[in-house]
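Remarks on the structure that follows.
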Amino acid sequence: MNFRKADWKSVIEYLCYFGAFTLLNAVTGTATPFSAALLAALLFFGKSVVIAPALFLVSFLPYGAFDLLLPAAIPAAVYIVVFLIYRHFDALPKGELILYVLFSFTGYVLIGGDDYLFKIILSVIAAAFSVVCVITLKLLFVKGLKYKPSYDELICLGIFTLFFGLGVTHALGEAAWRMVSAVLILLAVYLLKEGAGGMVSAVLALSLTVATGDLSYVGVFLIWCLAAACVMPFSRYLAAVALLLSDLVIFFAFPLYAHYGYL
């Protein structure tokens, strides 16, 4: 099969979606079909009604969560039918998208286990999160990051980052999200206006704070940001070194946190 550049781009794109599905499934610390919210948002933006749902289902396999395949197949089937109908009429769902997502979780609530309250709460949060995903993906697929986002888009981007960080933390460990956060803080300090880096740092720290119950991460990330910002005007490479050095100083000099370790 002769793969063109566009084909490889699509392969990489859908692999990214698979990774996002897999990580968001771990947002509560155990495997759940939470990433169905992202699936609905991807189909909203015209992604494949075959490949995206298939990857959504496969994303449970890394956790060995075979018991979730049937409950997860219900959202996949619901979204396929819903979006095929909308595409037939060249239309898109609006506020009713929340209802579709909420309805699609009925199988998850009713099939297996008796922790109904947890499942219902997760379903409601996932339904609301589907709107967050739509607004966040709009920044990527429609507006592009070169345009200045509105306040509601920034809020949704922050909420998406919070949940995605929770997924990374629970699936890959705290160190993984710290490393990702360090890179993003450096990018924020380099690309954004003064003060914006601090906001980005605080948002990134919230994922670890929620996952561990340790508020000190907010202070740690703000110190990273300050250290990088002080030397960024001279060199972005020195900024990276400054961030790492500030991390070492915090680790050895100040017993601020019980869960913290090296980057």
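The values are calculated or read from the model by the stated rules, or taken from the named source; none is laboratory data. Source: prediction; values computed, not measured. Please note: Cβ atoms are built from the backbone with ideal geometry, for glycine as well, and neighbour counts cover all protein chains shown.
List of remarks:
- Among (1) modelled with pLDDT of 95 or more; (2) surrounded by 15 or more Cβ atoms within 10 Å (Cβ to Cβ); (3) within 22 Å of PHE160 (Cβ to Cβ), the one test that PRO93 misses: (1)
- Long-range neighbours under 6 Å by Cβ, at least six apart or interchain, first residue under 20 Å from ILE12 (Cβ atoms) within region 52-72, second not in a helix (DSSP H, G or I): SER59/ASN25
- Scanning region 27-48 for residues that are touching a helix residue (DSSP H, G or I) at 6+ places or on another chain (Cβ under 6 Å) and over 26 Å from GLU96 (Cα atoms) turns up GLY29, ALA31.
- Meets criteria (of a type in the set (A, V, I, L, M), closer than 30 Å to GLY213 by Cα and in a helix (DSSP H, G or I)) for LEU57: no
- Test: residue in region 104-114 that is within 18 Å of the chain's Cα centre (by Cα) and either farther than 14 Å from PRO75 by Cα or modelled with pLDDT of 95 or more (or both): no
- Single condition SER59 does not satisfy, out of (1) of a type in the set (Ser, Thr, Tyr); (2) surrounded by fewer than 13 Cβ atoms within 10 Å (Cβ to Cβ); (3) within 20 Å of TYR17 (Cα to Cα): (2)
- Among the residues examined, GLY173 does not qualify as more than 18 Å from LEU23 (Cα to Cα) and either in the same structural domain as TRP224 (by TED's automatic domain parsing) or more than 14 Å from the chain's Cα centre (by Cα) (or both).
- So LYS143, is it farther than 18 Å from ALA37 by Cβ, surrounded by fewer than 18 Cβ atoms within 10 Å (Cβ to Cβ) and either outside the structural domain of LEU102 (by TED's automatic domain parsing) or at pLDDT below 95 (or both): yes
- The helices (runs of 4 or more DSSP H) located wholly in region 90-166 that include 2 or more residues which are basic (Lys, Arg) occupy 116-138.
- Which listed residue, of SER201, SER181, is in a helix (DSSP H, G or I) and within 15 Å of the chain's Cα centre (by Cα): SER181
- Region 73-103 - residue that is touching a residue at least 24 places away in the same chain (Cβ under 8 Å) and hydroxyl-bearing (Ser, Thr, Tyr) and, of those, nearest to LEU23 (Cα to Cα): TYR79
- Test: residue in region 229-239 that is in contact with a Leu (Cβ under 6 Å, 6 or more places away or on another chain), in a helix (DSSP H, G or I), over 21 Å from THR169 (Cβ atoms) and not small (Gly, Ala, Ser): yes
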